[in-house]
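Working notes, structure below.
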Amino acid sequence: MIFYRSWSPVQALSFDLDDTLYDNWPYIMRAEQWLIDYLKDQVHVTAHLTASQWQGYKRQVIKRKPELKGDVSACRVAWLSLAFTEHGMAEAEASNLAENIFQEFLAVRSDFVVPAESLTLLQNLAKRYRLVAITNGNVDIAKIGLGGLFELELKAGGEFKAKPAADMYLYACQQLQLAPQQIAHVGDHCITDVAGATKAGYRSIWLNQNSQQARKLQALPDIEISQLAQLQHLL
């Protein structure tokens, strides 16, 4: 645990989810493969499309509507729907099918349980701090075993711009009725979590499990940790 600034107690902790409380890579890769397989086997009008061609539709959607880049759920529904309509499906049918497939994708994407050590740590921290989830992802928080642990669960999309924008950070302050400096944000990403939280006025705790990220730091965290378990020292 490395302290870059003198530490004073905070009243709340906000947490990033993906790659902070669990290793997200295997779960998202499994879900992406499920989607490609499903589209190939079940949606005949687009069965011939390759993974790279599907990515092309995603790029088209983001180019047309840049605001969707930070809304992973709406973006996925949009590029599925675009592909379906471009291959002859009626707009309403394409939209409904895209939404239904997305819901199935989300179920697969959220089909795991947070490691027991992360859950136990959060339960212990909750005895002393108010806890908030702030994520750019779309995992089903209840399904992965975190239901009821967070006082507030914020996800990018809709009214909230994705981190590092301050939207979710400042909204959490309003809802908790705390000043930004009374909250410490815990996350793995040097830009979306460390820089985003710091610019919003939060204290920041950087879970640095990839030393290469240090080259991209835009702001120093208050504390750097290499393992989530080190947060026990805050108790």
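The values are calculated or read from the model by the stated rules, or taken from the named source; none is laboratory data. All of these numbers come straight from a predicted model, not from anything done at the bench. Glycine gets a Cβ as well: all are built from the backbone with ideal geometry, and neighbour counts include every protein chain shown. Heavy atoms of the whole protein, side chains included, go into the accessibility calculation; ligands, DNA and RNA do not. Shrake-Rupley method; radii C 1.70, N 1.55, O 1.52, S 1.80 Å.
Computed over protein heavy atoms with a 1.4 Å probe, the accessible surface of the chain works out to 49 Å² per residue. Per-residue accessible area (protein heavy atoms, 1.4 Å probe) orders Glu224, Glu104 as Glu104, Glu224, starting from the largest. Expressed as a whole percent, the accessible surface of the range 70-228 that belongs to carbon and sulfur atoms is 48, based on a 1.4 Å probe. As a quick test, which of the pairs Lys65/Lys155; Lys127/Lys216; Lys163/Lys216 have an alpha carbon distance above 26 angstrom in this structure? From the list (Lys65/Lys155; Lys127/Lys216; Lys163/Lys216), the Cα-Cα distance tops 26 Å for Lys127/Lys216. For Trp54, Trp7, the ranking by accessible surface with the largest value first comes to Trp7, Trp54, using a 1.4 Å probe.
Relative contact order of the chain: 26 percent, from C-alpha pairs under 8 Å at least 6 residues apart in sequence. Give me the net charge for the shell around Ser204: Cβ to Cβ below 14 angstrom, other residues only, Lys and Arg +1, Asp and Glu -1. Every neighbour counted, the sum reads -1. For the listed peptides 133-141, 116-124, a ranking on the average number of other beta carbons within 10 Å per residue, highest first, reads 133-141, 116-124. May I ask for the net charge around Asp188, where only other residues with Cβ less than 13 Å from the Cβ of Asp188 are counted and Lys, Arg are +1 while Asp, Glu are -1? Cβ neighbours under 13 Å give a net charge of -4. A probe of 1.4 angstrom, applied to the heavy atoms of all protein chains, finds His44 with accessible area near 150 square angstrom. Here the Kirkwood formula puts the hydrodynamic radius of the range 82-143 at 14.7 Å, using every distinct Cα pair.
Close amide H contacts of Leu152 (hydrogens built in the peptide plane, cut-off under 5 Å, sequence separation of 5 or more or a different chain): Ala133. Taking Lys and Arg as +1 and Asp and Glu as -1, the other residues whose beta-carbon sits under 13 Å from that of Asp167 total +1. Comparing the range 105-225 with the 2.2 N^0.38 Å rule of thumb, its C-alpha radius of gyration ratio is 1.05 (two decimals).
Largest first, the residues Met89, Met1 sort by 1.4 Å accessible area into Met1, Met89.
Here, the range 24-150 has an Rg and a Dmax of 17.3, 56 Å when only alpha carbons are counted. Shape analysis of the chain yields a ratio of the Cα radius of gyration to the Kirkwood radius, Rg/Rh, of 1.01. Computed over the range 122-218, relative contact order equals 20 percent, with contacts defined as Cα pairs under 8 Å that lie 6+ residues apart.
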